[in-house]
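Student: Structure provided below as structure tokens; questions to follow.
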Amino acid sequence: MPVFDLFLPCAGGSAPFLADEVARLTGQATDALHVGRTGVGLRGDWETVLRLNLHSRIAQRVLVRLWEGPYRHEDDLYAAASDVPWEAWFTPARTIKVEVTAQRSPLRSLNFAALRVKDAVCDRLRARCGARPSVDTAHPDVRLYAHLTTDRLTLSLDTSGEPLFKRGWRTDKGDAPLKETLAAAMIAATGWTGADANGEPVPLFDPCCGSGTLVIEAAQIALRQAPGRQRRFAFERLLPHDAARWAALREQARAHERPWPAGHPPLAYGSDVAFRMVDFARRNAERAGVGAAVEFRGGDALQRLPPTARPGVLLLNPPYGERIEAAGVAGGLGADVFYERLAAHWKTHFGGWTAWVLTPDRDLPRRLRLQASRRVPLFNGPIECRLLRFELQSRNGNSDS
Ligand SMILES: C[S@@+](CC[C@H](N)C(=O)[O-])C[C@H]1O[C@@H](n2cnc3c(N)ncnc32)[C@H](O)[C@@H]1O
């Protein structure tokens, strides 16, 4: 079976968590992986491509690297792209799109660079197959990536299609939803798996849950549901696709799922001051197939009591900035007042819980008057954030979660 160079891009800061995930999914040692700032590279066969697409929660997509080498001008891009056996990957009946990404490339126009790559692909297919593919920039069957650094070009084929954060269940969303891939990286950073070392359930609670992304991702992890179980992938339209093997892999994933036992209390909880969001979150959870394992309720984070007697993990990206201001009883009073009251509420009612808060606000520990015991840098799109951990002391002075 041929082995390919694979690259899985991810959000800034997520690569170490993605590397752990890839190691677990492929059985490769973490040292055998190339862990960079923007993603993880590995060697893998076609089955690995399918497995990573189906199971990776943190990767944005799975790319097969088909050419790598030096370039100086646009003609070099044409020559490189003419060299790749595209006819082994797709037929001229497929529509294509060439995406160019660049870091300090000396080329003047990335659009022109994309055009040269596209011309080479079309010319090669016309010469080999007698016809050329059409371009579809909105919904292409096949996406090709050209990545340019100062002097090196990488050409890759995307096997995912729609980015992997599109799981297929979040059709209802609020103003500032987290990408599912970032939510998964946050959960990985906390180490939460749904149970402690003795197999006892550890609850997770997001008191500013919006459309429910963190809670639903967490429930899917606990129920061992593959994140790609409800979506289609670009590899299904590529020539190496083997429908029987893919069906078997999906079946294997389904068989591994754990149904939530009837009558058991939920494992992951969310609440939001906006009832519209709670409605969205409930609908999303049903679509994701985790309705029985989660509970969403309306309520102000400054007033909601812990959803379980047993302490667990608070995980949230609270409102910040002008776009998403805190609402509820402290609405309009400013961030200092909201966070001071949130900390007071947590200290009184959430002793023994561990709170993890994603924020771009470097001042948050001061506002909360709490000392962060860990700071994990993570990018939320272009926004540099920190995932901060706060141990909330229980009334007897211990932090026992
Ligand atoms: C940044 S968004 C969270 C997005 C969410 N993680 C998602 O993926 O959809 C912040 C959320 O906090 C909610 N919110 C604002 N003030 C609140 C309060 N006092 N109590 C609870 N939720 C609040 C907003 O309605 C909004 O949904």
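Student: Pick out the one residue from Arg43, Arg72 that is surrounded by 14 or more Cβ atoms within 10 Å (Cβ to Cβ) and not aliphatic (A, V, I, L, M).
Tutor: None of the others qualify; the one that does is Arg43.
Student: Still on this structure: In region 208-249, what residues are assigned to a helix (DSSP H, G or I), away from the ligand (no atom under 16 Å from the Cβ) and either at pLDDT below 95 or closer than 13 Å to Ala184 by Cα (or both)?
Tutor: Listed by number, the list holds a single entry, Ala222.
Student: While we're here: Being part of a loop (DSSP other than H, G, I, E, B), more than 16 Å from the ligand (Cβ to nearest atom) and either touching a helix residue (DSSP H, G or I) at 6+ places or on another chain (Cβ under 9 Å) or in the same structural domain as Ser373 (by TED's automatic domain parsing) (or both): is that true of Arg128 here?
Tutor: So Arg128 does not fit the description; no.
Student: Related question: I'm trying to understand the selection: among the residues of region 3-25, which are within 18 Å of Ile221 (Cβ to Cβ) and either in contact (Cβ under 8 Å) with a residue 40 or more places away in the chain or not assigned by TED's automatic domain parsing to the domain that holds Leu42 (or both)? Talk me through it step by step, then tell me what you get.
Tutor: Step one: of region 3-25, the residues within 18 Å of Ile221 (Cβ to Cβ) are 10-11, 14, 16-25.
Selection gives Cys10, Ala11, Ser14, Phe17, Leu18, Asp20, Glu21.
Student: Specify the residue that is nearest to the chain's Cα centre (by Cα); the eligible residues are those in region 3-35 that are part of a strand (DSSP E or B) and aromatic (Phe, Trp, Tyr).
Tutor: Checking each candidate, the answer is Phe7.
Student: Collect the residues in region 61-90 that are assigned to a helix (DSSP H, G or I) and among the aromatic types (Phe, Trp, Tyr), keeping them in residue-number order.
Tutor: The answer is Tyr78, Trp86.
Student: Sticking with this one: Got at least one residue in region 66-78 being at pLDDT 95 or above, basic (Lys, Arg) and farther than 14 Å from Ser156 by Cβ?
Tutor: yes
Student: Considering only residues that are assigned to a loop (DSSP other than H, G, I, E, B) and farther than 16 Å from Asp76 by Cβ, which ones fall in region 98-125?
Tutor: Gln103, Arg104
Student: Moving on. Within region 36-60, which residues are among the basic types (Lys, Arg) and either in a loop (DSSP other than H, G, I, E, B) or at pLDDT below 95 (or both)?
Tutor: The answer is Arg37, Arg57.
Student: Further question on the same structure: Taking Ala255, is it more than 16 Å from the ligand (Cβ to nearest atom) and modelled with pLDDT of 95 or more?
Tutor: The answer is yes for Ala255.
Student: Which of (1) touching a His at 6+ places or on another chain (Cβ under 9 Å); (2) more than 10 Å from the ligand (Cβ to nearest atom); (3) closer than 26 Å to Ala185 by Cβ is the odd one out, the single condition Leu305 does not satisfy?
Tutor: (3)
Student: Among the strands (runs of 3 or more DSSP E) confined wholly to region 140-207, which include 2 or more residues that are over 15 Å from the mean Cα position of the chain (by Cα) and within 16 Å of the ligand (Cβ to nearest atom)?
Tutor: 204-206
Student: I've got another one for you. Where residues in region 267-284 are surrounded by 20 or more Cβ atoms within 10 Å (Cβ to Cβ) and assigned to a loop (DSSP other than H, G, I, E, B), which of them is farthest from the ligand (Cβ to nearest atom)?
Tutor: Leu267
Student: Right, another one. Could you list all residues from region 331-351 that are touching a helix residue (DSSP H, G or I) at 6+ places or on another chain (Cβ under 7 Å) and among the aromatic types (Phe, Trp, Tyr)?
Tutor: Selection gives Phe338, Tyr339.
The values are calculated or read from the model by the stated rules, or taken from the named source; none is laboratory data. Just so it is clear, the structure is predicted and the values come from calculations on it, not from any experiment. Here Cβ is always computed from backbone atoms with ideal geometry, including for glycine, and neighbour counts include all displayed protein chains.
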